[in-house]
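The values are calculated or read from the model by the stated rules, or taken from the named source; none is laboratory data. Since the structure is predicted, the reported quantities are computational estimates derived from the model, not experimental observations. Quick reminder, even Gly has a Cβ in these numbers, built from the backbone with ideal geometry, and neighbours come from all protein chains shown. To get the accessible areas, we keep the full protein, side chains included, count just its heavy atoms, and leave off ligands, DNA and RNA. Shrake-Rupley method; radii C 1.70, N 1.55, O 1.52, S 1.80 Å.
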Amino acid sequence: MYAYKYPHPAVTADCIVFARENGKTRVLLIKRRNEPCKDMWALPGGFMNIDESAEEAAARELKEETGIDAGRVIQVGAYSKVDRDPRERVITIAFYTIIDKIRKAVGQDDAKQAEWFAIDNLPELAFDHSEILSDAIGMLNREP
């Protein structure tokens, strides 16, 4: 096996799901089953497989953790602060999608729970997910 002289970062993909229903916007969060940040609320997401795009990883992780299909995803941005994940050097690419109504979500895989929250009444989030969600809300507010 070949080993590179220089370490490589890991890549994750996060998927923010907004639902607009009865004039209110909600966002889907998961409660983490494992460390780090065990029992904290977070965006659905996880590590990208070597044979998939970031978009595919975001949609797969969303389905694995909540049972919800993403549909079309829109890139929010890439987040690369050196210490954003205590496990290793991780860069995440975040996406969002909008669905027409709240759908039943079930915490699965490494998500202990999945729940919809009003965007103006959010819990404390794991990692840098508050920053990512804030950026996505800004993009959402610019949509027609």
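Computed values, structure above
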item	result
0 to 90° range, to nearest 10: angle between helix 129-142 axis and the chain longest Cα axis	50 degrees
Fully extended contour minus Cα-Cα distance, from Glu56 to Asp100, at 0.36 nm per residue	13.7 nm
Angle between the chain longest axis and helix 54-66 axis [Cα atoms, degrees, rounded to 10]	60 degrees
Sites Tyr4 and Phe47 - FRET efficiency at Förster radius 30 Å, r taken between beta-carbons, to 0.05	0.95
Dimensionless Rg ratio for the range 1-86, taking C-alpha atoms and the 2.2 N^0.38 Å reference	1.26
Label-point gap, in nm, between Lys24 and Asp83 - each point 7 angstrom along Cα→Cβ	3.7 nm
Rounded D (µm²/s) - the range 96-144, Kirkwood Rh over Cα pairs, Stokes-Einstein at 4 °C, 1.567 mPa s	102 µm²/s
Alpha-carbon radius of gyration plus Dmax, which is the widest Cα pair, for the chain in Å	15.0, 56
Rounded accessible area per residue of the chain, 1.4 Å, Å²	57 Å²
Portion, in percent, of the accessible area of the range 1-72 that falls on carbon or sulfur, probe 1.4 Å	51 percent
Given charges at beta-carbon only (K, R positive; D, E negative), |dipole| of the range 77-144 in Debye	180 debye
